[in-house]
Every structure is written in structure tokens, then in C-alpha cells.
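To start, the structure itself, in C-alpha cells.
The values are calculated or read from the model by the stated rules, or taken from the named source; none is laboratory data. These numbers come from a predicted model, not from an experiment. Cβ placement follows ideal geometry from the backbone for every residue including glycine, while neighbour counts extend to all protein chains displayed.
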Ligand code: ZN
């Protein structure tokens, strides 16, 4: 178990395109475990490998209630999208900020699991948003470039006081 350092906006690693994963070796398993630890420690609902400085196409997501298994996606590809949702989004690499982003309300994604077996996952609402946001990271894209209007601080003046 290890918490990795989360790269923040301005770090060039976040704007690079990540590489496909060819083998699920011990190093990859350690990376997956560390990314889960790092995501939970930071109270995030998703984390992509470039956010911990590793340019590999790997994403972890947990938008579920406590006790459910997290979703691990290796080399994820969006196959289909449908509908639209507009709502607030944040990112562990852009601490203290939120912004409004329009995303598909439904996505169908193909990916590999830890055993390099292909699976399909469908998501709506928050899961669809998380899938789009995290897969964007693998292509060097940040939500801050897609926001409608200005980024806002997550704390209101009242909460800060
Ligand atoms: Zn993010």
C-alpha cells in the first residue's frame, strides 16, 4: 500500500497522451493498488495513471456506495455515447476547484480487466461523467478546458470562515 503524489494542473505529464498497456505484470498490479489507495485517500471518485505521473492507459473509478468493488479499466475505449448531462465536475489534479461541464448521459466503454480480459461497461449519470473525465486524462485532456464559464472555488466564503 502506497499513496502516490498527485500531479497538479501545470505539470506537463497531464497534457501528454498515455501509452497502451501490453502486459499485466507485477509492476502494473502495484500501480493499480497504489492508484486505488491514492484515490481513496484523496476522497476522489476516479483517478487516471497520468495523474500519478505514469503515462499508461489505466483508470480506476469508484462512484459506488461503500463496500462495492472499484472499477479498473486498462486501455479503455468509448464505443458509444448518448444523451447529455450538464453539471459540476472536479478533479484531484485541480484541487479546490469545480466547473460546469456537459458530458454524455450514457457511455458504453470497452476495456481490459487486471487479467487482460476484455469487458464492456455501461454507465449513466455520475458513472458516465467519471468514465469520460478519466478517459480524457489518458489523452492529455483536462476538464478545465471544457468548462462552461469560470472555474469556481469548492469552498464558499461561509465554509472558509
Ligand atoms: Zn481528473
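Residues are listed down the side, and each one gets a yes or a no for (1) in contact with a helix residue (DSSP H, G or I) (Cβ under 7 Å, 6 or more places away or on another chain); (2) assigned to a strand (DSSP E or B); (3) under 14 Å from residue 6 (Cβ atoms):
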{"residue": "50", "(1), (2), (3)": "yes, no, yes"}
{"residue": "63", "(1), (2), (3)": "yes, no, no"}
{"residue": "98", "(1), (2), (3)": "no, yes, no"}
{"residue": "128", "(1), (2), (3)": "no, no, no"}
> In region 142-157, how many are without any contact (Cβ under 8 Å) to a residue 12 or more places away in the chain and under 25 Å from residue 76 (Cβ atoms)?
Replying inline: 1
> Being modelled with pLDDT of 95 or more and more than 16 Å from the ligand (Cβ to nearest atom), is that true of even one residue in region 126-147?
Replying inline: no
> Hey, does region 28-38 have a residue that's touching a helix residue (DSSP H, G or I) at 6+ places or on another chain (Cβ under 9 Å) and at positive phi?
Replying inline: no
> Among (1) within 24 Å of residue 4 (Cα to Cα); (2) modelled with pLDDT of 95 or more; (3) within 16 Å of the ligand (Cβ to nearest atom), which single condition is residue 113 missing?
Replying inline: (3)
> Within the set of pairs 6 or more residues apart or between chains, which connect a residue that is more than 20 Å from residue 144 (Cα to Cα) inside region 76-96 to a residue that is within 13 Å of the ligand (Cβ to nearest atom) with Cβ atoms less than 7 Å apart?
Replying inline: 76/59; 76/135; 78/135
> Counting only residues that are in contact with a strand residue (DSSP E or B) (Cβ under 9 Å, 6 or more places away or on another chain) and either outside any loop (DSSP other than H, G, I, E, B) or loosely packed, with under 12 Cβ neighbours inside 10 Å (or both), how many does region 23-48 have?
Replying inline: 10
>> Tally up the residues in region 49-83 that are surrounded by 22 or more Cβ atoms within 10 Å (Cβ to Cβ), more than 12 Å from residue 131 (Cβ to Cβ) and in contact with a strand residue (DSSP E or B) (Cβ under 7 Å, 6 or more places away or on another chain), please.
In response: 4
